[in-house]
Amino acid sequence: MSTELPRTIDRFRQPEYTGENRCTPCTIVNVAIAVVVSTILTFPAMPLGIAFFAFSMAAIYLRGYLVPGTPWFTKTYFPDWLLRKFDKHEMPTATPEPTDREPEDVLSEANVVEPCAEIDDLCLDEKFRSAWHENMERVMADGAEKRDLSRILGADESELEFEEHDSAFIARIEGRRLGQWESRPALIADLAAARELSDRYDHWDDLSVDNQSRILSGLRIFLDTCPECGDNITAEQETVESCCRSMEVVAATCEGCDARILEVEQTE
Ligand SMILES: [Zn+2]
């Protein structure tokens, strides 16, 4: 019998609006509404106000909001800069520092990219491409993700933990987030490229980890087959819905295993 109640409560839970997905602006708006309405209800009958307040808090805790439609309301009417502050769908790539080297410059100097033969664009050096793919296979065969990444981060391999959810692959040490990728294949691509870049580019190890990560994620644009399943990667424009807002991204996704390889927010 004692398991009945939690199961009933579970039916009311909305994981898409609670926990990691909780929208802070929605919660604030709903708590404010609950306070106002409960206060008004205490005038005719004190217990009614208290009961309504308790019900509201339980609803907000379990369902993420009290008033139906608030996630849509905040997404539509709250300014984007405000929602961005609360947004938990963080883009994996860090904001560039003024001292950072531009990805395009580093990749050109390392002879990783070169002007294409036929079109006015940059193309990947074919020798680099084959070395990159060999390294990806090696990283996967050895299960070397933790070893490689802990060396790059200067961290203890045994303390490094991976966590995978939705469209994010996160590396943590003692709960602290050290890095985030779109997926495990995206991490594998980065580690394999880093192995080759540290051979090809003398100053690779002098670059900050964030700068390295910007260069590596930029390089993933050139990846046309998936490290994990070998299927084709296609890029398209998409709207990504997070807890608080929707945004336009260019997303490269594997057709075979559906892994997200790259996601870049479109800013106007
Ligand atoms: Zn794949």
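Here residue 133 meets each of (1) surrounded by fewer than 17 Cβ atoms within 10 Å (Cβ to Cβ); (2) touching a Ser or Thr at 6+ places or on another chain (Cβ under 9 Å); (3) assigned to a loop (DSSP other than H, G, I, E, B) with one exception, condition (3).
For the stretch 110-146, residues that are under 20 Å from residue 192 (Cβ atoms) and out of contact with any strand residue (DSSP E or B) (no Cβ under 9 Å at 6 or more places or on another chain) total 18.
Contact map, the stretch 116-129: first residue in a loop (DSSP other than H, G, I, E, B), second residue surrounded by fewer than 15 Cβ atoms within 10 Å (Cβ to Cβ), Cβ cut-off under 6 Å, separation 6 or more or different chains; pairs are 116/123; 125/111; 125/114.
Of the listed requirements (1) over 19 Å from residue 182 (Cα atoms); (2) outside any helix (DSSP H, G or I), residue 95 misses just one: (1). Among the residues making up the stretch 198-227, those that are free of Cβ contacts under 8 Å to residues at least 24 places away in the same chain and charged (D, E, K, R) are 199, 202, 205, 206, 224. For residue 174, the requirement of being of a type in the set (D, E, K, R), over 16 Å from residue 134 (Cα atoms) and within 16 Å of the ligand (Cβ to nearest atom) is not met.
Total residues in the stretch 49-84 satisfying the condition of being loosely packed, with under 15 Cβ neighbours inside 10 Å and farther than 23 Å from residue 9 by Cβ: the figure is 8. Close contacts from the stretch 156-182, counting a first residue that is at positive phi and a second that is acidic (Asp, Glu), with Cβ to Cβ under 8 Å and a gap of 6+ residues or different chains, come to 174/159.
Kindly indicate the residue of the stretch 219-253 that is among the β-branched types (Val, Ile, Thr) and within 16 Å of the ligand (Cβ to nearest atom) and also nearest to residue 24 (Cα to Cα) among those meeting that condition. Here the answer is 253. Screening the stretch 254-266 for residues that are of a type outside the set (D, E, K, R) and within 14 Å of the chain's Cα centre (by Cα) and picking the one that is farthest from the ligand (Cβ to nearest atom) gives 264.
Examine the stretch 201-221 for a residue that is in contact with a Leu (Cβ under 6 Å, 6 or more places away or on another chain) and farther than 26 Å from residue 232 by Cβ, and state whether such a residue exists. Taking every residue of the stretch 201-221 in turn, at least one turns out to be in contact with a Leu (Cβ under 6 Å, 6 or more places away or on another chain) and farther than 26 Å from residue 232 by Cβ.
All of the numbers you see were taken from the coordinates with simple rules; none came from a lab. Since this is a predicted model, take the numbers as computed values, not measurements. Glycine also receives a Cβ, built like all others from the backbone with ideal geometry; neighbour counts cover every protein chain displayed.
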